[in-house]
Amino acid sequence: VVLGSTPAGGARFVQPVLDDGRKLDDRVGGGWRLFVRSAALACPVADGRCTVVADLPDGGALTAWLDAHGVDAVLVRPDHYVFGTASGSAAPLLAARDAWLFNPMEIA
């Protein structure tokens, strides 16, 4: 499942090494992960799977990734590929994911 109409939808997400030598996933964990540019975007998830990029000790790698794609948020799938990106608010990403994953499909 990919929101291909967004910048970098379907691309492999970066895995920077943090200042302490750990990989990004060692700090934020696996599963669905939402990364937002700043705390001003107010992470709209209750399960703790939202990371403010500005708070990461990654040498600016994720900020540079967001800048390169002109977005403020990215939702990464459990397999490390980008589900989709958004600007201004991350809420549409979560709504699109939920629509794809949790709505019953009809078969004609």
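The set of residues in the stretch 26-40 being open to solvent by 30 Å² or more (accessible area, probe 1.4 Å) and hydrophobic (A, V, I, L, M, F, W, C) consists of Trp32, Ala39, Ala40. Cβ-Cβ distances below 7 Å connect the following pairs, each with a first residue in the stretch 60-73 that is over 13 Å from Ser87 (Cα atoms), a second residue that is buried (at least 21 other Cβ atoms within 10 Å of the Cβ) and among the β-branched types (Val, Ile, Thr), and a separation of six or more residues or different chains: Leu62/Val53; Thr63/Val53. Looking across the stretch 50-59, the residues that are of a type outside the set (A, V, I, L, M) and surrounded by 15 or more Cβ atoms within 10 Å (Cβ to Cβ) come down to Cys50, Thr51, Asp58. The number of residues in the stretch 5-25 being assigned to a loop (DSSP other than H, G, I, E, B) and either open to solvent by less than 50 Å² (accessible area, probe 1.4 Å) or aliphatic (A, V, I, L, M) (or both) comes to 9.
As a summary of the residue check, Val2 satisfies the conditions (1) open to solvent by less than 40 Å² (accessible area, probe 1.4 Å); (2) assigned to a loop (DSSP other than H, G, I, E, B); (3) among the hydrophobic types (A, V, I, L, M, F, W, C) except for the one numbered (1).
The residues in the stretch 60-99 that are hydroxyl-bearing (Ser, Thr, Tyr), at pLDDT 90 or above and either assigned to a helix (DSSP H, G or I) or open to solvent by less than 60 Å² (accessible area, probe 1.4 Å) (or both) can be counted, and the count is 2.
Only one entry in Pro104, Pro44, Pro57 is in a loop (DSSP other than H, G, I, E, B), at pLDDT 95 or above and not β-branched (Val, Ile, Thr), namely Pro57.
The values are calculated or read from the model by the stated rules, or taken from the named source; none is laboratory data. All values reported here derive from a predicted model rather than from experimental measurement. For neighbour counting, all protein chains shown are included, and Cβ atoms are generated from backbone atoms with ideal geometry for every residue, glycine included. When the accessible area is computed, the model is the full protein with side chains, heavy atoms only, and any ligands, DNA or RNA have been set aside. Shrake-Rupley method; radii C 1.70, N 1.55, O 1.52, S 1.80 Å.
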